[in-house]
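As structure tokens, the structure follows; a few thoughts come after it.
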Amino acid sequence: MKKLNVLLTLIGVVQLVLGLLYLIAPLQFLALMGHTTPAADIAYPLGMLAARFLAYGVGMFYIARAPEKHLFWINNMILIQVIDLAVGIFYTATGVVGLALSGFPMFNATLFIILLTLWRPKSQDLSPALGS
């Protein structure tokens with residue numbers, strides 16, 4: 001298995017684990033990580049967030065089978081990681097969360113951004129097919 005396939009599979013596992021935790025025990029998961037426990041009704045939108053984690057997690061396994069056919073979805077995962085990193089930087093820099101809470105997720109986002117960017121398939125040059 002090539003390194004990109006392994007990376008996409010790893011990202012899929014991470015997404016599935018996060019999805020299951022936010023679906024099954026969202027408030028307990030937040031408390032375990034050290035976040036302030038929100039009101040119980042916040043479990044509802046966290047459950048909806050879990051659906052996206054789970055769907056993208058399953059998708060990563062599918063994409064890993066033929067990454068060259070799924071550049072759009074790989075680029076979307078890069079975008080997700082960029083947004084995750086930006087949010088982490090913002091809330092850490094403004095003092096809302098400490099580095100103890102944000103450091104590991106920001107490290108993961110940075111690592112995934114770099115590796116996905118370096119290892120993603122190159123987009124196909126369509127100019128010969130278009131007659132240029």
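Each value in this text was obtained by applying a stated rule to the coordinates, not by laboratory testing. Please read these numbers as outputs of a predicted model, since none were measured by experiment. Cβ coordinates were reconstructed from backbone atoms using ideal geometry, including for glycine residues, and neighbour counts include every protein chain displayed.
Some notes on this structure:
- Fewest-first ranking of Met60, Met106, Met33, using other Cβ atoms within 10 Å as the exposure measure: Met33, Met106, Met60
- Loop sites by DSSP among the trypsin sites (Lys or Arg not before Pro) of the chain, restricted to those with at most 16 other Cβ atoms within 10 angstrom, leave 3-121 as the longest stretch without any of them.
- Across the stretch 97-104, computed HN-Hα scalar couplings (Karplus, 6.51 cos²θ - 1.76 cosθ + 1.60, θ = phi - 60°) run 10, x, 4, 4, 8, 9, x, 5 Hz from first to last residue, x flagging Gly and Pro.
- Among the listed options (i) 1.06; (ii) 1.93; (iii) 1.24, the one matching Rg/Rh (Cα atoms, Kirkwood Rh) as calculated from these coordinates is (i).
- Cα lying deepest toward the dipole's positive end in the chain, options Ile114, Val87, Gly47, charges on Cβ: Ile114
- Folded to 0 to 90 degrees: helix 3-24 orientation relative to the chain principal axis, Cα: 30 degrees
- Dipole magnitude of the chain, debye to nearest 20 (Cβ charges: Lys/Arg +1, Asp/Glu -1, about Cα centre): 400 debye
- Here the stretch 1-74 is treated as an ellipsoid with the same Cα gyration tensor; its semi-axes, largest first and in whole Å, are 29, 12, 8.
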